[in-house]
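All remarks here apply to the structure that follows.
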Amino acid sequence: MIEVHVIDDAAGRSAAAEKYGFSADSIVLAASENGDEVGFVALKMRYSPEEAAVDITGMTCDDADYGEMLVRAAVSYGERRGAESCYAVPDAWGDESDVRCTAMKRAGLRLNDGVMSVPVCNVVHMCRSCAETGK
């Protein structure tokens, strides 16, 4: 079974940041399958008067399927904290031949003027009942 979870402990975040070049103040989500780590995504929440957003600042995965799952988890994490949009910095997705780029595109992010982005509502859909009750 595949599981995606937030790395809560500071030592775990620090180790992932150091190993994969993520910013030390990133929120890091890890994907594991049968106890083995299969990928990580680093993100930051950004709040401004114009918009709340989740910024994907780094990702590592060997497979686009795992990568897509990590991107969707990052967007969902942001959505639960009020994000309206998701952006990915260029270092997070590499180039067109990179598996991370494929994963981002599968999750719905599109490249415009050198920035990959997607409205959160295009990735995370809440059922009417949950939307009405604020869950």
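The values are calculated or read from the model by the stated rules, or taken from the named source; none is laboratory data. Source: prediction; values computed, not measured. All Cβ positions, even for glycine, are placed from backbone atoms using ideal geometry, and neighbour counts span all protein chains on display. Each accessible area value is taken on the protein alone, full model and side chains, heavy atoms only, with ligands, DNA and RNA left out. Shrake-Rupley method; radii C 1.70, N 1.55, O 1.52, S 1.80 Å.
A few remarks follow.
- Of the listed requirements (1) open to solvent by 60 Å² or more (accessible area, probe 1.4 Å); (2) closer than 13 Å to A107 by Cβ; (3) in contact with a strand residue (DSSP E or B) (Cβ under 6 Å, 6 or more places away or on another chain), D65 misses just one: (3).
- Whenever a residue of the stretch 1-21 is free of Cβ contacts under 8 Å to residues at least 12 places away in the same chain, its partners that are open to solvent by 70 Å² or more (accessible area, probe 1.4 Å), lying with C-beta atoms within less than 7 angstrom and at least six residues away or across chains, give the pairs S14/A24.
- Criterion: among the hydrophobic types (A, V, I, L, M, F, W, C), open to solvent by less than 40 Å² (accessible area, probe 1.4 Å), more than 19 Å from V115 (Cα to Cα) and part of a strand (DSSP E or B) - qualifying residue of V54, V38: V38
- Total residues in the stretch 4-27 satisfying the condition of being open to solvent by 40 Å² or more (accessible area, probe 1.4 Å) and part of a helix (DSSP H, G or I): the figure is 8.
- Within the stretch 71-119, considering residues that are open to solvent by 50 Å² or more (accessible area, probe 1.4 Å) and in a helix (DSSP H, G or I), the one farthest from H5 (Cα to Cα): P90
- Any pair with Cβ under 7 angstrom, 6 or more apart, that starts in the stretch 115-135 at a residue that is under 20 Å from V54 (Cβ atoms) and at pLDDT 90 or above and ends at one that is among the acidic types (D, E) and surrounded by 14 or more Cβ atoms within 10 Å (Cβ to Cβ): P119/E84; V120/E79; V120/E84
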